[in-house]
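Data block below; observations after.
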Amino acid sequence: IEALMEYGFSKGIAKRLLKTNEEEVIKNALKSVNLQIERNHVKNAKAMLQTAIKEEWHPEVFKKKKNSP
């Protein structure tokens, strides 16, 4: 919940996200968005995190992109 709140979600919304999504999905979404932030590819981290959770992003996808030219 605290990690979600750091992205600007209220406590209530953070709890709802955890209820409606598996913890692993949330963790993977957070890692994915953090990778994008490190690369300065993020304009709105909260919106990207919402999309990442909804679409069940996985950080491995973004790690692979790093190695491509």
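The values are calculated or read from the model by the stated rules, or taken from the named source; none is laboratory data. All values reported here derive from a predicted model rather than from experimental measurement. Reconstructed Cβ throughout: ideal geometry from the backbone, glycine too, with neighbour counts over all protein chains shown. When the accessible area is computed, the model is the full protein with side chains, heavy atoms only, and any ligands, DNA or RNA have been set aside. Shrake-Rupley method; radii C 1.70, N 1.55, O 1.52, S 1.80 Å.
Solvent-accessible surface of region 1-52, averaged per residue with a 1.4 angstrom probe and all protein chains in place: 66 square angstrom. Take the Cβ atoms of HIS41 and MET5, set R0 to 25 Å, and the FRET efficiency comes out at 0.65.
The aspartates and glutamates within cross-link reach of LYS43, meaning a Cα-to-Cα straight distance under 18 Å and a gap of 8 or more places when in the same chain, are GLU6. Hey, what angle do you get for helix 11-20 against the long axis of the chain, alpha-carbon based, 0 to 90 degrees rounded to 10? The two axes meet at around 70 degrees. When the Cα positions of VAL25, TRP57, ILE1 are compared along the charge dipole of the chain, TRP57 comes out farthest toward the positive end, with charges on each C-beta of Lys, Arg, Asp and Glu. Shown for the chain: the carbon plus sulfur share of the solvent-accessible area, taken with all protein chains present and a 1.4 angstrom probe, equals 49%. What residue among ALA52, ALA29, ALA14 shows peak mean-square fluctuation when the chain is described by a Gaussian network model with Cα springs under 10 Å? For the chain, modelled as a Gaussian network with Cα springs under 10 Å, the answer is ALA14.
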